[in-house]
Amino acid sequence: MRAHSPAEAYDGRSPFPQAAQHPTAHTGQVALTTAIVLTPFLALAVGVWLAWGNGITLTDLLLAVAFYVVTGFGVTVGFHRLLTHRSFTARPWLRATLAVAGSMSFQGNLIDWVAVHRRHHAFTDRPGDPHSPYRYGAHLGGQLRGLAHAHLGWLFTDQHVPAGRYAPDLLGDPMMVRIARAFPVLCAASLLLPFAAGWAISGSLYGGLTAFLWAGLVRIALLQHVTWSVNSLCHMIGDRPHATRKHDRSTDLWPLAVLSFGESWHNGHHSQPSCARHGRGRRQIDPSATLIRLFERLRWADHVHWHTPGDLQRPRTVASIHSLRTGTSPTSAVPQLTGHRNGVRRGDQRRPAPYRRP
Ligand SMILES: [Zn+2]
Ligand SMILES: [Zn+2]
């Protein structure tokens, strides 16, 4: 009889294998996590109010918004919907532009980003998920520790996600490999460009430095925490209106919809990973989908995977096509994204192939 892998044997409640145990409790979770996340942003708002006209100017704010929008869409439209899930195809120049913009968000090089995120979808909230809040168990203590792990802590672990197994398509794309290798340079540009713009617009070095602070460092920190909140909060707090795979606890969290450019409709996304729109219906605002629609109208993007009318009328019926499949043939050693309705990759539970450097 075949031995079960940790992911197959997972019961949906226990700590993941080798994760530490914590005592069980079930109160105060939402209040505490909300305070943890909102307090820094409230402090930031107070800081802006106190520093206005002296340590921050309108130029700084407009530059911060501009760089947030460009790098944010680089992550959501570029890294996530285009490169990870192949929700559409883009003209080569647009594909490269989005990859460069996403790389300027200080979230790692694009190939590693995609590999980690594909693995997250393959093992969502089960052993093998790189950043599940349920890693340490479903009780309160475990979830709080898991929240920190899913938000930020996983970045400090030595989990190796082999790009050769999870992103072979990008390793085979010379342009994407070049942009991935240029990640340190693009990070430097992400800080130097606001500095140069602030200096040029204000005509003073001090103006350059305040732009560096707000449109560089603070903008990067905000986008990082919004992205990480999709990993952490959007698997803990919010609605779960759509059917997903077993153990998948992704949620829709409306307060983050605008800042995350639609990524916080995360339950909708996990129910149909390769759909270009994560929100359902007009009320679930999804700026990333709006931008993809614009690209499609301009004929810069095609083969866009949109919801069908049937998807929207019967959101729960997609559950049946989200079971994890395991391939065994040698030719299936490379993970494949299947048709647009599900995007479930085949062969998720095989042993990793040897890692290939680009
Ligand atoms: Zn997720
Ligand atoms: Zn995804």
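The values are calculated or read from the model by the stated rules, or taken from the named source; none is laboratory data. Note that the structure is a prediction, hence the values are computed from the model and not measured. For neighbour counting, all protein chains shown are included, and Cβ atoms are generated from backbone atoms with ideal geometry for every residue, glycine included.
A few comments on the model shown:
- Scanning the stretch 266-297 for residues that are surrounded by fewer than 24 Cβ atoms within 10 Å (Cβ to Cβ) and of a type in the set (A, V, I, L, M) gives Ile285, Leu291, Leu294.
- Checking each residue in the stretch 233-292 for being under 14 Å from Thr76 (Cβ atoms), of a type in the set (S, T, N, Q) and either at pLDDT below 95 or part of a loop (DSSP other than H, G, I, E, B) (or both) picks out Ser260, Ser264.
- Cβ-Cβ under 6 Å pairs, at least 6 apart or on other chains, the stretch 230-250 side within 19 Å of Asp11 (Cβ to Cβ) and away from ligand 2 (no atom under 15 Å from the Cβ), far side modelled with pLDDT of 90 or more and among the charged types (D, E, K, R): His247/Asp125; His247/Arg126
- Answer residue from the stretch 124-135, given it is touching a residue at least 40 places away in the same chain (Cβ under 8 Å) and surrounded by fewer than 23 Cβ atoms within 10 Å (Cβ to Cβ) and is farthest from ligand 2 (Cβ to nearest atom) among those: Pro127
- Qualifying residue in the stretch 69-82 (condition: over 13 Å from the mean Cα position of the chain (by Cα), within 16 Å of ligand 2 (Cβ to nearest atom), farther than 15 Å from Leu294 by Cβ and modelled with pLDDT of 95 or more): no
- Condition met for Thr227 (touching a residue at least 60 places away in the same chain (Cβ under 8 Å), outside any strand (DSSP E or B), on the phi < 0 side of the Ramachandran plot and within 16 Å of ligand 1 (Cβ to nearest atom)): yes
- Screening the stretch 1-31 for residues that are surrounded by 13 or more Cβ atoms within 10 Å (Cβ to Cβ) and modelled with pLDDT under 60 and picking the one that is farthest from His139 (Cα to Cα) gives Gln29.
- Positions within the stretch 158-169 being under 15 Å from His120 (Cα atoms) and either touching a helix residue (DSSP H, G or I) at 6+ places or on another chain (Cβ under 9 Å) or buried (at least 19 other Cβ atoms within 10 Å of the Cβ) (or both), in sequence order: Gln159, Val161, Pro162, Ala163, Arg165, Tyr166, Ala167
- Which numbered condition Gly347 misses (of (1) more than 22 Å from Phe88 (Cα to Cα); (2) at pLDDT 95 or above): (2)
- Inside the stretch 170-190, residues that are crowded, with 16+ Cβ neighbours inside 10 Å and in a helix (DSSP H, G or I) make up a count of 10.
- Members of the stretch 226-253 that are aliphatic (A, V, I, L, M) and more than 18 Å from the chain's Cα centre (by Cα): Ala243
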